[in-house]
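Written out below as structure tokens is the structure these notes cover.
The values are calculated or read from the model by the stated rules, or taken from the named source; none is laboratory data. The shown structure was predicted, so the numbers you read here are calculated from the model rather than taken from an experiment. Every residue, glycine as well, gets a Cβ built from its backbone with ideal geometry; the counts of neighbours run over all protein chains shown.
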Amino acid sequence: MRRMILPLTLFAFAACQPTTMELTEEQEAAIADTVRQLADAFFEDLKALEFDRAMVPFSDQFVWAESGQVGADRDSLVAAWRGFIGSLSEVTAGEWIDVFIDVLGPDAAVFTASFDWAGVDTTGAEFETSGAWTTVWQRTADGWKVVQGHESYVMPEVP
């Protein structure tokens, strides 16, 4: 009986190990392409000032960090961003720069990019800004959702 304990223990240990799924290059490319398309759609919606549509891919449990603040749900992000987006009358330019997508597995990827954008606020003042944006995308039963994100802006030069 003692001779059986070691093989059974090893078998039980091996059976309890998480399975890893290696993705093919084609699968990784397809996931990266999907995440890029979703990030592009988000940015296009923001540029069109379609705030509610831009927020669709964000999970209800979204955790975010921006400008020294951390929020633990989608509603706190909506509250933080709605005022800014509402202060704009037009976005005149905007683009992702230096895009990096890291596919973590069949159901997760990280999108990181720098960005530039410019526009006019409701008082007629023009603005230009740039920064970096990182989001973690997870495939859920409802499709790909942003579950975590961070945004930072380039600080203006001090004379």
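Observations on the structure shown:
- Check on Gln27, modelled with pLDDT of 90 or more and either surrounded by 13 or more Cβ atoms within 10 Å (Cβ to Cβ) or over 28 Å from Arg139 (Cβ atoms) (or both): yes
- Residue, farthest from Thr24 (Cα to Cα), within the stretch 81-98, restricted to residues that are out of contact with any Lys or Arg (no Cβ under 7 Å at 6 or more places or on another chain) and surrounded by 15 or more Cβ atoms within 10 Å (Cβ to Cβ): Leu88
- Filter result (loosely packed, with under 15 Cβ neighbours inside 10 Å and not hydrophobic (A, V, I, L, M, F, W, C)) within the stretch 131-151: Thr140, Asp142, Gly143
- In the stretch 134-159, the residue that is nearest to the chain's Cα centre (by Cα) out of those that are in contact (Cβ under 8 Å) with a residue 24 or more places away in the chain and within 22 Å of Ser87 (Cα to Cα) is His150.
- Residue in the stretch 136-158 that is under 18 Å from Ala41 (Cα atoms), of a type in the set (Ser, Thr, Tyr), in contact with a Gly (Cβ under 8 Å, 6 or more places away or on another chain) and assigned to a strand (DSSP E or B) present: no
- Flag set for Ala72, criterion: closer than 16 Å to Gln148 by Cβ and surrounded by fewer than 16 Cβ atoms within 10 Å (Cβ to Cβ).
- Exactly one residue out of Asp102, Asp33, Asp52, Asp40 is more than 20 Å from Glu128 (Cβ to Cβ), at pLDDT below 95 and among the acidic types (Asp, Glu): that is Asp52.
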